[in-house]
Amino acid sequence: MSARYLLRDPIRRGTSYGVLIILLFLGLATFGGRRQPPQAAEGATTARLPVTRVYWNKAPLSANAYAPLPLGSIKPRGWLRRQLQIQANGLSGHLDEFWPDLRDSGWIGGPGESWERGPYYLDGLVPLAYSLDDPRLIAKARKWIDWTIQHQRADGRIGAELGRGDYRTIRQESDTWWPNMIMLKVLTQYQEATGDPRVIPLMEKYLAYQMKMLDQAPLREWAEHRWADEILSVVWLYNRTGNARLLDLARKLHAQSFDWKANFADFKYNQKVMKEDQNLHSHGVNNAMAIKTSSVWWQISGDPSDRDAIHQLYGQLDRYHGQATGVHSCDEHLAGLDPTQGTELCTVVEAMFSLEQDVAILGDPALADRLERITFNALPATFKKDMWAHQYDQQVNQVMCSVLQRNWTDNGPESNIFGLEPNFGCCTSNMHQGWPKFTSHLWMATREGGLAAVAYAPSQVSAKVANGVDVTIVEDTDYPFRDTIRFTVHPAKPVKFPLVLRMPGWADWVRLTIQGQTDIIEKPGSFHTIDREWKSGDVIELTFQMRVKVTRWFNDGIAINLGPLLFSLPIGEQWKKVKGDEPHADWEVLPTTSWNYALEQIPTPDQSVEERPIGDSPFSPEGAPLRLKVKGRRVPGWELVAGSAGPLPRNPVITKEPEEDLTLIPYGCTNLRVTIFPHAATGTR
Ligand SMILES: [Zn+2]
C-alpha cells in the first residue's frame, strides 16, 4: 500500500476523509472489514460529500475531448428517475436474492458461478445505487465490493479461487482476466462515488500481478477480444497515480489482443454469418464492445489511424448489419440487415457503454446522437415494462415472441420471449448497466473548466467549474418525447465558464434562448459553446426542430423517425406465462391484431404528432407519450414464416385491401411491432 496514493487521492473527499486516511496510514484503524468503523461505513453510504474532482488524461496520453464526471455527480430527474426506480424495483434490485448465479456466486465466497456474472451484475448495480442514492442498493453493492477487497490474495489476485464454481469453472489464470476486467470497471465507479481509499492500492497490486503473469498466462478468448475494457481501468488508474508501469501493462495487453482495427479494415463478415464462419470476431457482443477499442487505444498509441478507426468500423457494421435502432443485428453472431434478425440485449448495453467512452475520448456529437438512438429505442423495447423480464434477442419487426426456433445465426428457441434468463443468462447479469451508465454520462467536464451536456434527459449535475466554483445545473425536460429542454444554472457565486450543448444532427435547426435572448443554430450536428458569466437562476432553453423523417432500410423498407425516436405499429398482445414464478416468470407475447401492413402514404415532415401525458411507465404501449397517425393497407401474402414476419415485400406492394387508419407509437414503447414497412404505392390497382 503506497502512502503517496493514500494521501493524494482522497483529498477531494474533504476533511473527514482526510482524517480517516491519516488514521489509516498510522495503522490506527482498519478500513473495510465487515466490522468497519462507523464513520467509514457512513462515509461510503449515507453521508457522502460532494465528489467533483475530474481527472484528465495525463501525459503522454492523447488528450481526451471530455472527462466523465465522477459517479454520483449526475442525478436523474423526471421520467429518467422514474425509469431507474422501475429498474430498482425490478430484477436489478432483487436478482441477487433468488438467482443462483448471483446468490451463490464465488465473488461473495459462494460455491456457484464464479466467472463473469457477479461482476456483470455489479457493473450495473453500482451506478444504479449511487445515481439513485438508494441505501438498500448501496448495501447490496457493498457486500460484493467488500468481499473482493478483503479477499485479495497476497500476490495480488482477486476473485474466486481457481477451480471453484459451477458453469465455466475457472481452471487457469487466463480464465480470470476477463471477469476481472469487469470487476475493475465496477471498482473504478465505486471509488468515484465513495472515495474508498482501499480501491487504488488493490488495483495497483492486482495490475502488477497481472503484468508478471501475462507471459505465462496470456490473454485469450474473451479477454483477447475485450481487452479495451481493461485499458479503460488502466488509464483511469494512470491518471490518478502517474505510474508509468501501467502504460507498459497497457502495451502488453495490446500486444496480446485481437486487432479490431485490422478486422474492420478488411471486413470479412459482409452478410449474415453462417455456422462455419462463426468465431469470436463475428460475435455480436464482442463487436459492440469493439466500438470503443480503437478510440480507447488511441489514448496510448497517439496514432491518428486509431482515433479515426471508428468511422471505418461503423461504415462496415451499418452497411452489412445495421438496424434502424442504431445497433447492429446479432442473434449471437452478426446477422445481416433483415429486420427480423435479432439483436442481443448485451449488445445493446455494451454498444451504449462503448459510445459513452467514444464521446468522452473523441468529442464527436454524431456518436452521442447514436447513443441516444440506441438508448431511447433498443434499450426500453427489450424489457417488460416493469423490468422483471427481458429478451435475449429483440427484432425490429417483431410480430410474435414465442418458444420456437427462429432464423437466428446461432441462438435457441427461447431467445425472443420475455423472461428471467431466456436462451442464456449473460444478459440477465449484464443488462443492469444500460440506464444507470447512460445517466452517469449525460454530462461531462470540458477542458476549459466548463460542462458539456452530451446527451439529453431530465437530470441534475453538480460539479466544480472554472477552477473550483461549485455549480448545479438542473435540466428539466420530457425529451425525447418533447422538443424543449430548460436548463437552470445555479453557481455558488457568479462565474464565467463555458456551457457546451449538443446540437443533434437530426435537427435542421435549434432555437437557443439565453435569459430571453434567442438565437437560431442553423447547422446542428455539433457541440455549441456558450461562454459567459452565469448567475444563479440563469435559464437556457433549447428547442429542437423535431419533425417526422423517413429513412430507408432493408429491401427499401420505410422507417419513420421523430428526433431520436423510431416509430412502430404496435400489435395487440396477449401475454402467456410459459414457466417460472411471478414476478420473474417467462412470458410469450402473442399477436391479437393484424400486423402485415404496407404504408399507403409516406408521412411528410409537417405531419402532426399527438402528445399524450408522460406517465409512470412511458415505455409501454398504453403509456406511449406520442402517437402518429398513418394510413396503410394489409398485404395478404405477407405472413408468418417460422414465427417471424416473412420476407419484407419489395416496393411497391400491390394490394387491394381497404385503406385503414393506423396509429404508430415510439419503438421503445412496444412489445410486438412492425417498424420497417413496405410501401403500398399502387394500392388501388
Ligand atoms: Zn447477453
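The values are calculated or read from the model by the stated rules, or taken from the named source; none is laboratory data. These figures come from a predicted structure and were not determined experimentally. Methodologically, a virtual Cβ is constructed for each residue, glycine included, from the backbone with ideal geometry; neighbour enumeration extends over all protein chains shown.
Might you check whether a residue that is surrounded by fewer than 20 Cβ atoms within 10 Å (Cβ to Cβ), in contact with a helix residue (DSSP H, G or I) (Cβ under 7 Å, 6 or more places away or on another chain) and not acidic (Asp, Glu) occurs anywhere in region 572-586?
Yes: one or more hits.
Of all residues in region 375-401, how many are part of a helix (DSSP H, G or I) and of a type in the set (Phe, Trp, Tyr)?
Total satisfying the criteria: 1.
Could you pull out the residue among Gly322, Gly315 that is away from the ligand (no atom under 16 Å from the Cβ), closer than 30 Å to Asn57 by Cβ and of a type in the set (Gly, Ala, Ser)?
Gly315
How many residues does region 150-169 hold that are modelled with pLDDT under 80 and either buried (at least 21 other Cβ atoms within 10 Å of the Cβ) or part of a helix (DSSP H, G or I) (or both)?
Here the count works out to 1.
Is there a residue being over 20 Å from Gly322 (Cα atoms) and in contact with a Lys or Arg (Cβ under 8 Å, 6 or more places away or on another chain) anywhere in region 376-394?
Yes, region 376-394 contains at least one residue that is over 20 Å from Gly322 (Cα atoms) and in contact with a Lys or Arg (Cβ under 8 Å, 6 or more places away or on another chain).
Give just the number: which of (1) more than 25 Å from Arg486 (Cα to Cα); (2) within 16 Å of the ligand (Cβ to nearest atom); (3) out of contact with any His (no Cβ under 6 Å at 6 or more places or on another chain) does Gly434 not satisfy?
Against the list (1) more than 25 Å from Arg486 (Cα to Cα); (2) within 16 Å of the ligand (Cβ to nearest atom); (3) out of contact with any His (no Cβ under 6 Å at 6 or more places or on another chain), Gly434 comes up short only on (1).
Would you say Leu662 is buried (at least 18 other Cβ atoms within 10 Å of the Cβ) and under 15 Å from Ile571 (Cβ atoms)?
yes
Within region 521-540, restricting attention to residues that are of a type in the set (A, V, I, L, M) and at pLDDT 95 or above, which residue is surrounded by the most Cβ atoms within 10 Å (Cβ to Cβ)?
Filtering region 521-540 for residues that are of a type in the set (A, V, I, L, M) and at pLDDT 95 or above, the one surrounded by the most Cβ atoms within 10 Å (Cβ to Cβ) comes out as Ile540.
Could you count how many residues in region 610-639 are within 17 Å of Val653 (Cα to Cα) and small (Gly, Ala, Ser)?
The qualifying residues number 2.
Just to be sure I understand, how many residues within region 251-290 are in a helix (DSSP H, G or I), within 16 Å of the ligand (Cβ to nearest atom) and among the aliphatic types (A, V, I, L, M)?
Going through region 251-290 one residue at a time, the tally reaches 4.
Yes or no: Ile530 assigned to a strand (DSSP E or B) and in contact (Cβ under 8 Å) with a residue 40 or more places away in the chain?
Against the criterion (assigned to a strand (DSSP E or B) and in contact (Cβ under 8 Å) with a residue 40 or more places away in the chain), Ile530 does not qualify.
Could you give me the residue pairs with C-beta distances under 6 Å whose first residue belongs to region 397-426 and is touching a residue at least 12 places away in the same chain (Cβ under 8 Å) and within 16 Å of the ligand (Cβ to nearest atom), whose second residue is outside any loop (DSSP other than H, G, I, E, B) and of a type in the set (Phe, Trp, Tyr) wherever it lies, and which are 6+ apart or on separate chains?
Phe418/Trp587
Kindly list the number of the only condition in (1) buried (at least 24 other Cβ atoms within 10 Å of the Cβ); (2) farther than 20 Å from Gly425 by Cβ that fails for Leu137.
Condition (1) is where Leu137 drops out.
Touching a Lys or Arg at 6+ places or on another chain (Cβ under 9 Å), surrounded by fewer than 17 Cβ atoms within 10 Å (Cβ to Cβ) and over 29 Å from His321 (Cβ atoms): which single residue out of Thr518, Thr543 fits that description?
Being touching a Lys or Arg at 6+ places or on another chain (Cβ under 9 Å), surrounded by fewer than 17 Cβ atoms within 10 Å (Cβ to Cβ) and over 29 Å from His321 (Cβ atoms) holds for just one of Thr518, Thr543, which is Thr518.
In region 45-74, how many residues are of a type outside the set (Ser, Thr, Tyr) and at pLDDT below 95?
Qualifying residue count for the region: 7.
Can you pull out every residue in region 293-329 that is farther than 15 Å from Asp259 by Cβ and in a loop (DSSP other than H, G, I, E, B)?
Once the filter is applied, which keeps residues that are farther than 15 Å from Asp259 by Cβ and in a loop (DSSP other than H, G, I, E, B), region 293-329 yields Gly302, Gln323, Ala324, Thr325, Gly326, Val327, Ser329.
Do you know which residues across region 354-386 are touching a Leu at 6+ places or on another chain (Cβ under 7 Å) and either within 16 Å of the ligand (Cβ to nearest atom) or at pLDDT below 95 (or both)?
Within region 354-386, Thr382 is the sole residue that qualifies.
So if I check each of Gly93, Gly118, Gly112, Gly124, which one is more than 24 Å from the chain's Cα centre (by Cα), buried (at least 21 other Cβ atoms within 10 Å of the Cβ) and within 26 Å of Pro422 (Cβ to Cβ)?
Sole residue among the options that is more than 24 Å from the chain's Cα centre (by Cα), buried (at least 21 other Cβ atoms within 10 Å of the Cβ) and within 26 Å of Pro422 (Cβ to Cβ): Gly112.
Among the residues that make up region 331-338, is at least one of them within 16 Å of the ligand (Cβ to nearest atom), among the charged types (D, E, K, R), at positive phi and under 19 Å from the mean Cα position of the chain (by Cα)?
Checked against the condition, which is being within 16 Å of the ligand (Cβ to nearest atom), among the charged types (D, E, K, R), at positive phi and under 19 Å from the mean Cα position of the chain (by Cα), region 331-338 yields at least one hit.
Scan region 656-667 and report the pairs whose first residue is more than 13 Å from Asn596 (Cα to Cα) and touching a residue at least 24 places away in the same chain (Cβ under 8 Å) and whose second residue is part of a strand (DSSP E or B) and among the aromatic types (Phe, Trp, Tyr), with Cβ atoms within less than 9 Å and a gap of 6+ or a chain change.
Between residues of region 656-667 that are more than 13 Å from Asn596 (Cα to Cα) and touching a residue at least 24 places away in the same chain (Cβ under 8 Å) and residues that are part of a strand (DSSP E or B) and among the aromatic types (Phe, Trp, Tyr), the close pairs are Leu664/Phe567; Ile665/Phe567; Pro666/Phe567; Tyr667/Phe567.
Taking the criterion of being under 18 Å from Gly106 (Cα atoms), buried (at least 24 other Cβ atoms within 10 Å of the Cβ) and hydrophobic (A, V, I, L, M, F, W, C), would at least one residue in region 193-209 satisfy it?
Scanning region 193-209 turns up no residue that is under 18 Å from Gly106 (Cα atoms), buried (at least 24 other Cβ atoms within 10 Å of the Cβ) and hydrophobic (A, V, I, L, M, F, W, C).
Only one of Ile361, Ile374 is over 15 Å from the mean Cα position of the chain (by Cα), in contact (Cβ under 8 Å) with a residue 12 or more places away in the chain and within 21 Å of Pro524 (Cα to Cα). Can you tell me which?
Step by step, each of Ile361, Ile374 is checked, and only Ile361 is over 15 Å from the mean Cα position of the chain (by Cα), in contact (Cβ under 8 Å) with a residue 12 or more places away in the chain and within 21 Å of Pro524 (Cα to Cα).
Among the listed residues Glu448, Glu475, which satisfies the condition of being touching a residue at least 40 places away in the same chain (Cβ under 8 Å), more than 16 Å from the ligand (Cβ to nearest atom) and crowded, with 24+ Cβ neighbours inside 10 Å?
Checking each option against the conditions leaves just Glu475.
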